[in-house]
Amino acid sequence: YRTVCNHIREFLPHTYKREDIPLKELNLTFINDFEYFLRTEKKCRTNTVWGYMIVLKHIVSIARNDGRLTFNPFAGYINSPESVDRGYLAQTEIQTLMNAPMKNATHELVRDLFVFSVFTGLAYSDVKNLTANRLQTFFDGNLWIITRRKKTNTESNIRLLDVPKRIIEKYKGLARDGHVFPVPNNGSCNKILKDIGRQCGFKVRLTYHVARHTNATTVLLSHGVPIETVSRLLGHTNIKTTQIYAKITAQKISQDMETLSHKLEDMEKNICRAI
């Protein structure tokens, strides 16, 4: 919200030579002009513009619900996000990552936190804010993370597999204020992950988003976990978000079958002749 408000503060004098504008003057032209400003002056990409417009639309809806605005200035406005290629690591690449020698203890920590996210689906902010009291032995006798996603405030209860449990044990007692891990800041983590990815020869640029996507595709969906369960584990508010990962998995299957087709080409020709 703060970012959108700051952009509007710049937009008004730039486009309308004004410092403020009454709500009743909001209209479709204003909204289209603001979108043009974001794309041209702020160099925002399509999905960023879409996100900002969602925020502005929410502000407008609050004004309408309060009776301060009697019409919908967004009527007739059309905008939609672009489909994003959500990069992820294959199972062999996860193994490559674990076998790669790390430069120092900090690189090893960041690598381990990435792998923790791969096996839990937690975003960077959720890993950073994870506290020991969120680790609980649940009804089935297994260790779970009982938490809410910071981004969506949705419940996300995750039963821990052996890998994340081992990582928790490895860093036990090294963090302050009851936190589970001594997590470096996001900028440092991303820089180190970039170095590690280059060292491993990965085409995908490593980020904690990639770790989360890897959890959805390589760890869960590719091993037959139902999409409804994946959606709950990831804390998605809409299963359509999860279905993007299922589409990626289908694409991966298609690519793998295409590779297999080339490998079996000679054998298939011989069999087809005999049929």
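The values are calculated or read from the model by the stated rules, or taken from the named source; none is laboratory data. These figures come from a predicted structure and were not determined experimentally. Positions of Cβ are generated from backbone atoms using ideal geometry, with glycine treated the same way; all protein chains shown enter the neighbour counts.
Identify, from the list Tyr36, Tyr88, the residue that is of a type in the set (Ser, Thr, Tyr) and more than 16 Å from Gly197 (Cα to Cα).
From the options Tyr36, Tyr88, the qualifying one is Tyr36.
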Name the single residue, out of those in the stretch 23-41 being closer than 14 Å to Thr70 by Cα and in a helix (DSSP H, G or I), that is modelled with the highest pLDDT.
Glu25
Being in a helix (DSSP H, G or I) and either of a type in the set (Gly, Ala, Ser) or at pLDDT 95 or above (or both) narrows Ile244, Ile192, Ile253 down to just Ile192
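Out of Gly197, Gly187, I need the residue that is at pLDDT 95 or above, in a helix (DSSP H, G or I) and farther than 26 Å from Trp144 by Cβ. Which one? Show your work before the answer.
Details: Gly187 fails: at pLDDT 95 or above.
Of Gly197, Gly187, the one residue that is at pLDDT 95 or above, in a helix (DSSP H, G or I) and farther than 26 Å from Trp144 by Cβ is Gly197.
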The one condition in (1) under 15 Å from the mean Cα position of the chain (by Cα); (2) touching a residue at least 40 places away in the same chain (Cβ under 8 Å) that Ser231 fails to fulfil:
(2)
Of the residues in the stretch 120-161, how many are β-branched (Val, Ile, Thr) and at pLDDT below 85?
3
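Okay, residues lined up against (1) of a type in the set (S, T, N, Q); (2) over 18 Å from Cys5 (Cβ atoms):
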| position | (1), (2) |
| --- | --- |
| Leu28 | no, yes |
| Lys43 | no, yes |
| Thr46 | yes, yes |
| Tyr52 | no, no |
| Ile59 | no, no |
| Gly67 | no, yes |
| Tyr77 | no, yes |
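Restricting to the stretch 101-128, and then to whatever is assigned to a helix (DSSP H, G or I) and of a type in the set (D, E, K, R), can you tell me which residue is surrounded by the fewest Cβ atoms within 10 Å (Cβ to Cβ)?
Glu108
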Among residues belonging to the stretch 56-79 that are closer than 13 Å to Phe34 by Cβ and at pLDDT 90 or above, point out the one that is farthest from the chain's Cα centre (by Cα).
Pro73
